[in-house]
Amino acid sequence: MSARTDPLTAGGQDVLDRWPFWRANAGRFRLLHVWATTSPAGAAPAPAVAHVERGGGTALVGVGRPADLAALLTEVSAPAVVSALLPRGTWDAVDPAARKRLGLRPGRPWDWLTCSAAPPRHPDAGRVRDLGPGPAAAARAQEVLDRAYPEREARADDARRTWVGFDDGAGGLAGVLSALALPGGVHLSAVAVDPAWRRRGVASAMTSEVTRRALVGSGLVHLGTWADNDAARALYLSLGYTVAAELENLHAAPRW
């Protein structure tokens, strides 16, 4: 296996684009560099590692079978990165010297789910309200997030997301959800329900209604959920989502 360590090339981009996770999520990143291998025609897609701008820093995004990707990571010479997304099982297979050089440590694993067929209309779909994109919508959503999902801080791109909320019948919102249109589909995130309204179908109503709307103009809707969040996974599976990738989330280890 011979790694491409030259600057970003059309060849490296082509390898990345063979992987569904990258195609669907590429719009969330600014691609800086690619390390990739080639594979014979008709063979399984080769692994690739993308160096990207993501959030407040740079990150690595890997695609490929864990064993192949682990071998490729030994040749990656990226500058210091704040995080990495890799198929689950990759990091344990990486050479210890390469793990030390990359300076990352495992975080909480998560699953990437996709949906391409509209779920049935929820009985409470009429209570799902469009809040729109923009600072005002993001601020209104943040009021709910502060109660329902306090560990999620406001993010720089929240104003460009489209937000929806669930009408609590008293002029307020019992839950919120964000949708981000990307070239490879619509990404859902920040699904949050006020603690007083949980287990009353709010998340199901919002997710099913937004999924139905998004699929009108896009062939794919996708989202992420923590691997240990069995309740959320069960909800999404009941709406027709499937687990398309199991991922591990890595972060820069403290240097002291």
- Query: How many residues, within the range 50-100, are part of a helix (DSSP H, G or I) and among the hydrophobic types (A, V, I, L, M, F, W, C)?
  - Reply: 10
- Query: What pairs can you find where one residue is in the range 1-25 and under 27 Å from Thr114 (Cα atoms) and among the β-branched types (Val, Ile, Thr), the other is at pLDDT 90 or above and part of a helix (DSSP H, G or I), and their Cβ atoms are less than 6 Å apart, with a gap of 6+ or different chains?
  - Reply: none
- Note on the structure: Listed by first then second residue, the pairs whose first member lies in the range 62-75 and is over 9 Å from Thr37 (Cβ atoms) and open to solvent by 10 Å² or more (accessible area, probe 1.4 Å), whose partner is part of a helix (DSSP H, G or I) and at pLDDT 95 or above, with beta carbons under 6 Å and at least 6 positions apart or on separate chains, are Pro66/Thr90; Pro66/Ala93; Ala67/Ala93
- Message: Please pick out the residue among Pro150, Pro120 that is touching a residue at least 12 places away in the same chain (Cβ under 8 Å), part of a loop (DSSP other than H, G, I, E, B) and surrounded by fewer than 19 Cβ atoms within 10 Å (Cβ to Cβ).
- Response: Pro120
- Item | Residue among Ala159, Ala136 that alone is out of contact with any Ser or Thr (no Cβ under 6 Å at 6 or more places or on another chain), touching a residue at least 24 places away in the same chain (Cβ under 8 Å) and in a helix (DSSP H, G or I) | Ala159
- Message: Suppose we filter Val210, Val164, Val176, Val216 for residues that are without any contact (Cβ under 8 Å) to a residue 12 or more places away in the chain and either assigned to a helix (DSSP H, G or I) or aliphatic (A, V, I, L, M) (or both); which single one remains?
- Response: Val216
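The values are calculated or read from the model by the stated rules, or taken from the named source; none is laboratory data. Note that this is a predicted model, so its numbers are computed, not measured. No Cβ is skipped: glycine too gets one built from the backbone with ideal geometry, and neighbour counts run over all protein chains shown. Please note that ligands, DNA and RNA were not included when accessible areas were found on the heavy atoms of the full protein model with its side chains. Shrake-Rupley method; radii C 1.70, N 1.55, O 1.52, S 1.80 Å.
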